[in-house]
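The values are calculated or read from the model by the stated rules, or taken from the named source; none is laboratory data. Please read these numbers as outputs of a predicted model, since none were measured by experiment. Neighbour counts run over all protein chains shown; Cβ positions are idealised from the backbone, glycine included. Ligands, DNA and RNA are stripped out before the accessible areas are found, and what is left, the full protein with its side chains, is counted by its heavy atoms. Shrake-Rupley method; radii C 1.70, N 1.55, O 1.52, S 1.80 Å.
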Amino acid sequence: MSKLFTPIEFNHVQLKNRIVMSPMCMYSCMKQDGKMTPFHETHYISRAVGQAGLVMTEAAAVLPEGRISHEDLGIWSDEHIEGLNKLNEQIHSYGSKTGIQLAHAGRKAQLDSAIYAPSALAFNESSKTPTEMTITDIKRTIDAFKEAARRAKKANFDIIEIHGAHGYLINQFLSPLTNKRTDEYGGSKENRYHFLSQVIDAIQTAWDGPLFVRVSTDEYDEHGNTMGDVIYFAEQMKQQGIDLIDCSSGGVVPASIKPYPGYQVKRCETIKQNVAIATGAVGLITSGLQAEEILQNDRADLVFIGRALLRNPYWPKVAADELGDQLDAPKQYERGWR
Ligand code: FNR
């Protein structure tokens, strides 16, 4: 049996394999309400039928002003629970576990209303300048993450992932490029970590299941967070009981990135080795052999698959065939699976 198809446990939640459907915004909600649609059900459930061990939703906004677009998925209201719960019930029936990525876009929200960020700096020339968050705004946002976690629990998710990457709100606090505050939330790396630290603490009052955090391990700017800063954040997260760091990169400031197969894996490995915490590798991982190499060489504990799973919901079956593993089929498909 390959490592890719060996189960793994996080805080009493067992995944049947190491394949995670990476969070991917579908911008497909109707009427700006942030609710699940039939498209979302088909989209996520088909990856469970395809046997991904963990199906992670796209970024779900914890506040309406924290959406990237009006079509984003939401978890800012109790009205979102029912649709999410229905989705989870279906996904669980195929043996996959479910995760939700909790997010706030901060200055990267492309909305008509006011937008908020740690500092009043626009992302680029064509984007809006955000309003600098007051302490009251910060407290309200931290509380929104807690409320979202409470709803995620009610909706029966197995895992929560905090979106701390790609230049969205949490990343805006973490990065010296976007955080120019002079209060306790800005300045030193300790202060820049303060917001995420409080978000984690708040979520943990409402959620006792596995908690992952996605971070940008490279900001592609010489004045951005260094690997040393990211390792410091990871050490803090470990102390706070975070179960896994999902290692992505970029998105903080406009930068041109030239991705290549496994382009983020080295930084993922560095964090895993330096901090002794479980990590998730993501980014142009497209074959079973490539995933197996990453896991066997202890470079990560999970592989997050994005576009390859968009192209083929049965990517796990292709990977299993490549690795010579038998992958259980959903019972309806057994006769055509081998
Ligand atoms: C993404 N990605 C992403 N990441 C994230 O943390 N939250 C999100 O909601 C989204 N949304 C999103 C939408 C779409 C259409 C794509 C293609 C990507 C990034 C994604 O999770 C993944 O990290 C990257 O796509 C790199 O992995 P792959 O696609 O090379 O496997």
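Listed values, structure above:
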item	result
For Glu41: the one exception among (1) open to solvent by 20 Å² or more (accessible area, probe 1.4 Å); (2) part of a loop (DSSP other than H, G, I, E, B)	(2)
Subset of segment 309-329 that is more than 16 Å from the ligand (Cβ to nearest atom) and part of a helix (DSSP H, G or I) - its residue that is nearest to Gly95 (Cα to Cα)	Lys317
Selection status of Ile45, within 13 Å of the ligand (Cβ to nearest atom) and β-branched (Val, Ile, Thr)	no
Per-region count, segment 59-76, residues in a helix (DSSP H, G or I) and either closer than 24 Å to Leu15 by Cβ or open to solvent by 10 Å² or more (accessible area, probe 1.4 Å) (or both)	2
Subset of segment 92-109 (residues that are of a type outside the set (Lys, Arg) and not in a strand (DSSP E or B))	His92, Ser93, Tyr94, Gly95, Ser96, His104, Ala105, Gly106, Ala109
Where a residue in segment 201-217 is closer than 17 Å to Ala103 by Cβ and in contact (Cβ under 8 Å) with a residue 60 or more places away in the chain and its partner, wherever it lies, is among the basic types (Lys, Arg) and open to solvent by 10 Å² or more (accessible area, probe 1.4 Å), with Cβ under 8 Å and at least six apart	Ala202/Lys146; Ile203/Lys146; Ala206/Lys146; Ala206/Arg150; Ala206/Lys153
Subset of segment 81-110 [within 16 Å of the ligand (Cβ to nearest atom), under 24 Å from Gln172 (Cβ atoms) and open to solvent by less than 40 Å² (accessible area, probe 1.4 Å)]	Gly99, Ile100, Gln101, Leu102, Ala103, His104, Ala105, Gly106, Lys108, Ala109
Residues located in segment 125-175, provided they are among the polar types (S, T, N, Q) and within 14 Å of the chain's Cα centre (by Cα)	Asn171
Inter-residue pairs, beta-carbon under 6 Å, first more than 19 Å from Ala148 (Cβ to Cβ) and in segment 19-43, second among the basic types (Lys, Arg), 6+ apart	Met21/Arg47
Qualifying residue in segment 329-336 (condition: modelled with pLDDT under 95 and of a type in the set (A, V, I, L, M, F, W, C))	yes
Restricting segment 129-173 to residues that are polar (S, T, N, Q) and more than 14 Å from Trp76 (Cβ to Cβ), the residue that is nearest to the ligand (Cβ to nearest atom)	Asn171
Residues (assigned to a helix (DSSP H, G or I) and open to solvent by less than 20 Å² (accessible area, probe 1.4 Å)) located in segment 152-169	Ala152, Leu169
Count of residues meeting criterion [open to solvent by 20 Å² or more (accessible area, probe 1.4 Å) and in a loop (DSSP other than H, G, I, E, B)] in segment 128-145	3
Set Glu125, Glu89, Glu79: member being part of a helix (DSSP H, G or I) and farther than 20 Å from Tyr27 by Cα	Glu89
Pairs where the first residue, in segment 246-273, is among the basic types (Lys, Arg) and the second is part of a strand (DSSP E or B), C-beta under 7 Å, 6+ apart	Arg267/Cys247; Lys272/Thr279
Count - residues of segment 1-15 that are surrounded by 13 or more Cβ atoms within 10 Å (Cβ to Cβ) and over 19 Å from Asn312 (Cβ atoms)	7
So Asn179, is it assigned to a loop (DSSP other than H, G, I, E, B), over 18 Å from Pro64 (Cα atoms) and open to solvent by 30 Å² or more (accessible area, probe 1.4 Å)	no
Segment 16-32 - residue that is out of contact with any Pro (no Cβ under 7 Å at 6 or more places or on another chain) and open to solvent by 50 Å² or more (accessible area, probe 1.4 Å) and, of those, nearest to the ligand (Cβ to nearest atom)	Tyr27
Strands (runs of 3 or more DSSP E) wholly inside segment 221-308 that include at least 2 residues being within 11 Å of the ligand (Cβ to nearest atom), open to solvent by less than 70 Å² (accessible area, probe 1.4 Å) and over 17 Å from Ile162 (Cβ atoms)	302-305
